[in-house]
Amino acid sequence: MRLGIDLGTTRTLVARVDRGNYPVVSFFDTDGDAHDHFPSVAVAHPERGLLFGFEAIAAARDEDLRLIRSFKRRLAYPDVNAETTMSVGGKLVPVVDVITGFLGALRTALAERSSISDEFDGDETMVAVPAHAPGIQRFLTLEAFRRAGFTVLGVVNEPSAAGFEYTHRQGRTLNSRRTRVIIYDLGGGTFDSSLIKVDGTAHEVLDTAGHNRLGGDDFDAALAQVAVAQAGLPWGELGRRPYEDLVDECRTAKESINAQTRRVTVDVNDAPVTVRIPDFYEVAGELVDRTVATMSPLIGLDAQGNPSLNDTEVAGIYLVGGASGLPLVARRLREQFGRRVHRSPYPAASTAIGLAIAADESAGFSLQDRLSRGFGVFREADDGQGISFDQIFDRTTVTGTDTFEVIRRYQPQHNIGWFRFVEYASVDEQGLPTGDIVPFAEMLFPYDPALRGQDLEGLPITRIGEGGIIEERYLIDPHGIVEVHVTDLSRGYQISRVLGEN
Ligand SMILES: Nc1ncnc2c1ncn2[C@@H]1O[C@H](COP(=O)(O)OP(=O)(O)OP(=O)(O)O)[C@@H](O)[C@H]1O
Ligand SMILES: [Mg+2]
């Protein structure tokens, strides 16, 4: 059986491949009620250890334990690595272990408590990461799925998967003049947008823009903020636990808002507070405006320099992601972009369905994606006194089909090569990285043969004159994972690393 699994910040959705259909899998909670998602939550139970999903929700409710949410967001922090820990029931646990545990529990739920339990035979699955995921997030996600026992067919960017779902469902909006679609994916923790060119079943991502820490969670916090202000409480007076409870309540209230809703009521410090929708929308509107500003590089400009779809080949802006269910989102986008704004009938499931389509060989969908983030290396120059920067992969580098390779050869002047790999949103006029720079990894290479086999940490970097010929080989595999091989070609000495691995 082939699956598409969308590991979400708040909810995880699974769709299966079933003879040209891609039904969403339902999961049964501890009361036997069916849900179209598996909650991305955990609790640390004093006796039973880590519990996930519906079991975690039941234990948190019955035994008053604290729910751990949004662990996927931890993968998007700039300093994350395989050892990054998070606090779980008072203990520090590696984030990747929590996610592996979660995916293991998801697998058990698929086999034992889901609509496909009877047929669940394996686990060939297509997985996704946010388009702007740092490489380390991409790597750790893949690693966690594998460790949890899934066979990963591929890693796709979330909005690219949603693009498949669009073509599958709304293909008729595309024609010879309008060949492009913009995916607007507002999830629980991330916003991603992609401009995709579609030709039949062939999809080419032309560009992407996104924000790794902007999503529905921020709308919940915005509603909480308005409610606290309305209650006349100074911001910050509420303790952590009451604040978390309030945010939970705000999430539920927010999800209940439809086009006719005038007001919602939430409890602040055990007293009901009524918030008028226009007051909430005033604050929430700024969040929507931030998504539009983020996505604007994908959209054409009108004569006044405002983002506009007129005179573009864009057939539609497709709203996916659970948080785009808030009526304000489509309304605000329509005010700006008119009738080409479409909402997915299954905003929360679009990515999972698209992943199942990607997992289905007989569907024949193909994808040419982009790296989305630049990748480069700082090296020492001038006797170790200065550093130089070299861009290796541009953010528009094509991924998703074959392995892509870049080779650099040179004769070094120093005894040690000190490589500091980084990812970034863009480069400035001087060719230096700017915007959301994430240090990725460091590597020391002994150019001086006398240093080989030694611990290079802390040794001074000095100029020793021309050495042997060094080759740096950089590979990006179809999953977007970067490998580095540095070789002294003259003497056959090599160090290799998969970036993300320790
Ligand atoms: N009807 C609704 N109206 C408004 N918001 C909603 C609605 N239903 C769900 N949401 C919000 O959607 C968000 C979850 O969306 P989704 O399931 O797409 O995100 P995710 O995949 O968990 O997160 P991400 O993609 O960022 O990792 C939550 O913030 C949730 O409150
Ligand atoms: Mg999502």
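Tabulated data
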| read-out | value |
| --- | --- |
| DSSP-defined beta bridges in the chain - what % are antiparallel, rounded to 5 | 80 percent |
| Using alpha carbons only: equivalent-ellipsoid semi-axes of the chain, gyration tensor based, whole Å | 40, 28, 25 |
| Candidate lysines - alpha carbon under 22 Å from LYS197, same-chain residues fewer than 8 apart omitted | none |
| Tilt relative to the chain, helix 277-295 - C-alpha long axis, 0 to 90 degrees, to 10 | 30 degrees |
| 0 to 90° range, to nearest 10: angle between helix 158-170 axis and the chain longest Cα axis | 50 degrees |
| Cα centroid of the stretch 151-204 to Cα centroid of the stretch 1-24, whole Å | 16 Å |
| The stretch 215-227 - phi-based ³J(HN,Hα) in whole Hz, Karplus 6.51/-1.76/1.60, Gly and Pro as x | x, x, 3, 6, 5, 4, 5, 5, 5, 4, 4, 5, 5 |
| Inter-part distance where the stretch 219-291 and the stretch 35-52 are each reduced to a Cα centre, Å | 26 Å |
| The stretch 371-498: Rg to Rh, with Rh as the Kirkwood radius over Cα pairs | 0.97 |
| In degrees, nearest ten, helix 95-112 long axis to first principal axis of the chain (Cα) | 50 degrees |
| Descending semi-axes in Å of the stretch 34-174, equivalent ellipsoid built from Cα gyration tensor | 27, 21, 14 |
| Candidates per GluC sites (Glu not before Pro) in the stretch 405-502, loop by DSSP, up to 12 other Cβ within 10 Å | GLU429, GLU457, GLU466 |
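Each reported figure results from applying straightforward, stated rules to the coordinates on display, with no laboratory input. Values in this document were obtained by computation on a predicted structure and should not be read as measured data. Glycine gets a Cβ as well: all are built from the backbone with ideal geometry, and neighbour counts include every protein chain shown.
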